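The values are calculated or read from the model by the stated rules, or taken from the named source; none is laboratory data. Just so it is clear, the structure is predicted and the values come from calculations on it, not from any experiment. Virtual Cβ from ideal backbone geometry, glycine too; neighbours counted across all protein chains shown.
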Amino acid sequence: MPTHGDKIFNLSIGHRGALFVAKNPLLSSDIVFGHHGFFLADSLISAGLATKVILTNIICGGNYFSDWVGAGELAYRIGLAARCIANAGLSDLRTIIDHQGGEWDSDAGITQTAATNSLNAIIAEFKRVGLLRDGNNMVVHRNTRITNASGLRNPIRAAQASVPDGNLVKAGVDVDTLGSSHRSDGTHFTVNGGAALAALKLPVYSAILSA
């Protein structure tokens, strides 16, 4: 587990932005152990790219991109995160939004056009609430249910690859390259898988924070 555990914190959207020393399981996460955010935060601190890291999870399991836009059931969580961060007095801190969804969209065979439209709407909402702005970034990773056929996965991966603008929205990593051996149930990562995922993401984060 992290060697800089005293410098990694967890902001909870379920507690109006209360801040805690990060422990497994992270609040508002369905990963019980080995969340890659721990390993990534630890690596950024070890590399001298951050002195402290605050992890704020807004995701929950079993959802589609469309759930996060418009009248979608989870769309409110983006604005809630912004309000909780503001309530904690942390709005001026550098923020990187890590977007790693897509499993359920590939399950359902969502089209590339529909997935792209939803992802662009998610990006627009992060901009609207002020979390995605000059000085902050969003990273969109390619991620699907790796057990699905390519005909279901490829449209989602293409959508994820199409939305980065090279400015505020950066292209992330190919999470799908970490196969079943890194996962406990075909989807969720093991502790070793979490460490591997963090190592995969580290160069992307390093490039952003070093720019």
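Restricting to region 186-211, name every residue that is over 16 Å from the mean Cα position of the chain (by Cα) and not in a helix (DSSP H, G or I).
Within region 186-211, GLY186, THR190, ALA211 meet the criteria.
Against the condition among the hydrophobic types (A, V, I, L, M, F, W, C), over 12 Å from ASN143 (Cα atoms) and either buried (at least 18 other Cβ atoms within 10 Å of the Cβ) or at pLDDT below 95 (or both), how does VAL175 come out, does it pass?
No, not satisfied.
Can you tell me which residue within region 161-185, out of those that are in a helix (DSSP H, G or I) and closer than 19 Å to GLY61 by Cα, is nearest to the chain's Cα centre (by Cα)?
Selected residue: VAL175.
What residue, among those in region 17-36 that are in contact with a Ser or Thr (Cβ under 8 Å, 6 or more places away or on another chain) and surrounded by 18 or more Cβ atoms within 10 Å (Cβ to Cβ), is farthest from SER206 (Cα to Cα)?
That would be SER28.
If I filter region 133-140 for residues that are within 16 Å of the chain's Cα centre (by Cα), outside any helix (DSSP H, G or I) and surrounded by fewer than 20 Cβ atoms within 10 Å (Cβ to Cβ), do I get at least one hit?
The answer is yes, given that some residue of region 133-140 is within 16 Å of the chain's Cα centre (by Cα), outside any helix (DSSP H, G or I) and surrounded by fewer than 20 Cβ atoms within 10 Å (Cβ to Cβ).
Suppose we filter region 14-56 for residues that are of a type outside the set (Phe, Trp, Tyr), closer than 24 Å to ARG83 by Cα and not in a loop (DSSP other than H, G, I, E, B); how many remain?
Counting residues in region 14-56 that are of a type outside the set (Phe, Trp, Tyr), closer than 24 Å to ARG83 by Cα and not in a loop (DSSP other than H, G, I, E, B) gives 10.
From the list GLY48, GLY70, GLY61, GLY14, pick out the single residue that is free of Cβ contacts under 8 Å to residues at least 12 places away in the same chain and loosely packed, with under 14 Cβ neighbours inside 10 Å.
The match here is GLY48.
Are any residues in region 185-211 hydroxyl-bearing (Ser, Thr, Tyr) and either surrounded by fewer than 19 Cβ atoms within 10 Å (Cβ to Cβ) or assigned by TED's automatic domain parsing to the domain that holds GLY101 (or both), and if so, which ones?
THR187, THR190, SER206, SER210
Within the group ALA121, ALA158, ALA86, ALA114, which residue is out of contact with any helix residue (DSSP H, G or I) (no Cβ under 9 Å at 6 or more places or on another chain), assigned to a helix (DSSP H, G or I), at pLDDT 95 or above and outside the structural domain of LEU200 (by TED's automatic domain parsing)?
Of the residues listed, the single one that is out of contact with any helix residue (DSSP H, G or I) (no Cβ under 9 Å at 6 or more places or on another chain), assigned to a helix (DSSP H, G or I), at pLDDT 95 or above and outside the structural domain of LEU200 (by TED's automatic domain parsing) is ALA86.
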